[in-house]
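Here's the structure we're looking at; comments come further down.
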Amino acid sequence: MKKTRLAVVLPALLVAGVTQAATVYQADDGSHVDVYGRLGFNLTDRDNNPDQSGVDGNFDGRFGLGGSQTVNDTVSVIGWAEYQVNAAEYANNLNPDSKDLTARYVWAGIDASQYGKVTGGRVASGLIMLTDIADVFSASDVTIARQVSAVDSTATQVFRQDGTLQYQNTFGNLDVSTAYIFGNSTSNLKTGYNAAARYTFDFGDAGKLAPVIAYQYDKSDNMNTNNAKDYTFWGAGTRYYYNNLMLGAMYSEGQLAFNNGRGDSTDKVYELTAVYDLTADWVLRAGYRSLENKGGDETEYKDTTFEAQYKLTSRSSIFSSYVFRDGKKGDGSIAGTDWNGWNNPEEDYFNVGLRYEF
């Protein structure tokens, strides 16, 4: 069997945000400083503004800096700061149309080798092991766990939340992550916690299977505009790797509860994805997403996405995608969670973009 060309870098996802960074300084003791950057430009007719029509040209960018300082043969001090501008998934309680620079990751911690990593700040949540099953497209919007922002205004889904203390480790084929979420003065979170686990089955010539389970609970400090009490999220999914093909499937539920006697708002989501390395330069992707909300804003997403990527270099690519949408706009009854003002789930759209990474 040909060696699998799709990168199965499962443990590396536990420190997402630094896996493609370039080392700009390396000391004799192993200490190093890394930098990462990404610049992109996209043309799209996506209906982000109901008062406008036609094709928009949008830019986005990221820049990160961090590294490691060696304490001894086992322990290192690690950290990473990454900021973004004009990102599709805005953060830090900013308007989605904001052009301000916002924090994507800002964390510091201890890497104790085989004993695991402890990081604190705006970390890469271990729940990314689940959400990345669906998050494979260059210009898609990630709706998984969208309602968590009603409880924590600093949250970008459950990917990143301020004030998080996290432990992660890998035991053979098992990746584990657990975190306690303290929040901070800019959020309206009282407390939260999460856990995720992934096990990779290696079947030799038959490929690899990597099932994931994840759970998170967030409790509000009752100072939010939605009168939200708490948010509970759980999900399960898997990826299957075979030669140049990667298949993904996942299901999740997110339930938002209220203090005023209102019934729960529940999102039920399932997603299917496929990624195929056609050649060394061409990658094809396809996927289907279904989200249905009951008891809340009644939003629905029914998206079918097709995408092609051409690699100009090992770090730079041209993307082209088309999304067929057959969803339903929400009624806006839960402030901050109904994205339909800038993300119309009823209108098809295309996206063509250039991405440069360094």
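Restricting attention to segment 268-294, which residues are closer than 22 Å to TYR231 by Cα and either of a type in the set (S, T, N, Q) or touching a helix residue (DSSP H, G or I) at 6+ places or on another chain (Cβ under 6 Å) (or both)?
Listed by number, the residues that qualify are SER290, ASN293.
Could you please find all residues in segment 164-181 being farther than 27 Å from ASN244 by Cβ, open to solvent by 20 Å² or more (accessible area, probe 1.4 Å) and touching a strand residue (DSSP E or B) at 6+ places or on another chain (Cβ under 7 Å)?
LEU165, TYR167, VAL176, THR178, TYR180
Quick one: in segment 70-102, of everything that is among the aliphatic types (A, V, I, L, M), open to solvent by 50 Å² or more (accessible area, probe 1.4 Å) and at pLDDT 90 or above, which residue is farthest from GLN157 (Cα to Cα)?
For segment 70-102, the residue satisfying everything is VAL71.
Let me spell it out: the conditions are (1) farther than 30 Å from SER185 by Cα; (2) open to solvent by 50 Å² or more (accessible area, probe 1.4 Å), and ASN244 meets all of them except one. Which number is the exception?
(2)
If you take the residues of segment 108-127 that are β-branched (Val, Ile, Thr) and either part of a strand (DSSP E or B) or more than 20 Å from the chain's Cα centre (by Cα) (or both), which of them is farthest from ALA196 (Cα to Cα)?
ILE110
Only one of these conditions is not met by VAL176: (1) within 22 Å of SER333 (Cβ to Cβ); (2) assigned to a strand (DSSP E or B). Which number is it?
So VAL176 meets the others, but not (1).
Listed residues ASN224, ASN184, ASN194; which is open to solvent by less than 40 Å² (accessible area, probe 1.4 Å), assigned to a loop (DSSP other than H, G, I, E, B) and polar (S, T, N, Q)?
Answer to the selection: ASN224.
Under 6 Å between Cβ atoms, which residue pairs at least 6 apart in sequence (or on different chains) link something in segment 268-288 that is closer than 16 Å to TYR240 by Cβ and at pLDDT 95 or above with a partner that is assigned to a loop (DSSP other than H, G, I, E, B) and open to solvent by 70 Å² or more (accessible area, probe 1.4 Å)?
Once the first residue is closer than 16 Å to TYR240 by Cβ and at pLDDT 95 or above and sits in segment 268-288, its partners that are assigned to a loop (DSSP other than H, G, I, E, B) and open to solvent by 70 Å² or more (accessible area, probe 1.4 Å) give ASP277/ARG5.
Just to be sure before I move on: is LYS219 open to solvent by 40 Å² or more (accessible area, probe 1.4 Å) and in contact (Cβ under 8 Å) with a residue 40 or more places away in the chain in the structure I sent?
yes
Does segment 142-156 include one or more residues that are part of a helix (DSSP H, G or I), among the β-branched types (Val, Ile, Thr) and either out of contact with any helix residue (DSSP H, G or I) (no Cβ under 6 Å at 6 or more places or on another chain) or without any contact (Cβ under 8 Å) to a residue 60 or more places away in the chain (or both)?
yes
Give me the pairs: first residue in segment 342-358 and in contact (Cβ under 8 Å) with a residue 40 or more places away in the chain, second residue assigned to a loop (DSSP other than H, G, I, E, B) and of a type in the set (A, V, I, L, M, F, W, C), beta-carbon distance under 6 Å, and six or more apart or on different chains, which are they?
Short answer, once both residue conditions are applied: ASN351/ALA139.
Quick one: in segment 197-216, of everything that is open to solvent by 40 Å² or more (accessible area, probe 1.4 Å) and among the charged types (D, E, K, R), which residue is nearest to the chain's Cα centre (by Cα)?
LYS208
Please indicate, with yes or no, whether at least one residue in segment 42-57 is among the hydroxyl-bearing types (Ser, Thr, Tyr), more than 16 Å from ALA81 (Cβ to Cβ), modelled with pLDDT of 90 or more and surrounded by fewer than 17 Cβ atoms within 10 Å (Cβ to Cβ).
For segment 42-57, residues among the hydroxyl-bearing types (Ser, Thr, Tyr), more than 16 Å from ALA81 (Cβ to Cβ), modelled with pLDDT of 90 or more and surrounded by fewer than 17 Cβ atoms within 10 Å (Cβ to Cβ): absent.
Considering segment 144-161 alone, what residues qualify as being touching a strand residue (DSSP E or B) at 6+ places or on another chain (Cβ under 6 Å) and either modelled with pLDDT of 95 or more or among the hydrophobic types (A, V, I, L, M, F, W, C) (or both)?
Of everything in segment 144-161, those that are touching a strand residue (DSSP E or B) at 6+ places or on another chain (Cβ under 6 Å) and either modelled with pLDDT of 95 or more or among the hydrophobic types (A, V, I, L, M, F, W, C) (or both) turn out to be ILE144, ALA145, VAL148, ALA150, VAL151, VAL158.
The values are calculated or read from the model by the stated rules, or taken from the named source; none is laboratory data. Quick caveat, the model's predicted, so the values are computed rather than measured. Backbone-built Cβ (ideal geometry, glycine too); neighbour counts: all protein chains shown. With ligands, DNA and RNA removed, areas are computed over all heavy atoms of the protein, side chains included. Shrake-Rupley method; radii C 1.70, N 1.55, O 1.52, S 1.80 Å.
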